[in-house]
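To start, the structure itself, in structure tokens.
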Amino acid sequence: MLKVLEHHLITHKLTQLRRRETGTKDFRHLLDEISGLIAYEISGDLPMKEVEVETPMGACNTHEIVKEIVLIPILRAGLGMVDGIRNLIPTAKVGHIGLYRNEKTLAPVAYYSKVPKNLAESIVMVLDPMLATGGSASAAISGLKEEGAIDIRLVCVVGAPEGVKKMESEHPNVDIYLAALDEKLNDKGYIVPGLGDAGDRLFGTK
Ligand code: PRP
Ligand code: URA
């Protein structure tokens, strides 16, 4: 399933994020805010269990989220999405997967992986602002499946049709959430209109 979140506040902040003149400080802040808003939008269907709590007035039958949430940012740019989500889900565990794209082939190159145990019982949210060819997200998710993850959701900010197609063919059981589905990739594999290189803009490396 592909869900493009059409919340006006998300779209407004994404517009600021896209602007060429948005510098590193504001880029980081906006990505943080957008990630929190996305987390709020996509957590509405998290499985709940019935619980009874004592309020100062007596017993209350209510619900709480039953499953552990694991966030997996794809380094580097995925790191910019962690804090915004963790502010809302502070008990979430965080694993890290390091991947970069070979500039010529655009194939993902893996360089790091450290993920929590018990992935099989958790809801795993893979975080990366950019879904371009889909190579990085697909490789990360293949690795997570090998580690036992079953309930996996891919959470990105801007996606290209090419990346969505790859994900749907290689991981049809993974739901994809985007703040925007853009037009296409250019000949260097960048999303158009997109927002440029998310990692460089987030960390000020260019
Ligand atoms: C970017 C982005 C994704 C990937 C998307 O990372 O953050 O991980 O490209 O492209 P794909 O869908 O074609 O795989 P990049 O490789 O630039 O690494 P960085 O975050 O370390 O800069
Ligand atoms: N990675 C980015 O950071 N931006 C793109 O447009 C494509 C891949």
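The values are calculated or read from the model by the stated rules, or taken from the named source; none is laboratory data. All figures in this text were calculated on a predicted structure; none of them were measured in a lab. Because the Cβ atoms are built from the backbone with ideal geometry, glycine has one as well, and the counts that use them run over all protein chains shown.
Data overview
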{"quantity": "Unique residue being more than 11 Å from ligand 2 (Cβ to nearest atom) and at pLDDT 95 or above when the list is 190, 111", "calculated": "111"}
{"quantity": "Cβ-Cβ under 7 Å pairs, at least 6 apart or on other chains, region 124-153 side farther than 26 Å from residue 104 by Cβ and at pLDDT 95 or above, far side surrounded by fewer than 21 Cβ atoms within 10 Å (Cβ to Cβ) and among the small types (Gly, Ala, Ser)", "calculated": "148/120; 149/120; 150/120"}
{"quantity": "Qualifying residue in region 54-72 (condition: within 16 Å of ligand 1 (Cβ to nearest atom) and not in a loop (DSSP other than H, G, I, E, B))", "calculated": "yes"}
{"quantity": "Selection from region 177-193 of residues that are over 22 Å from residue 9 (Cβ atoms) and either among the hydrophobic types (A, V, I, L, M, F, W, C) or not in a loop (DSSP other than H, G, I, E, B) (or both)", "calculated": "184, 185, 192"}
{"quantity": "Counted residues, region 108-135 - those being within 22 Å of residue 42 (Cα to Cα) and assigned to a helix (DSSP H, G or I)", "calculated": "3"}
{"quantity": "Residues of region 20-42 satisfying the condition of being crowded, with 16+ Cβ neighbours inside 10 Å and part of a loop (DSSP other than H, G, I, E, B)", "calculated": "22"}
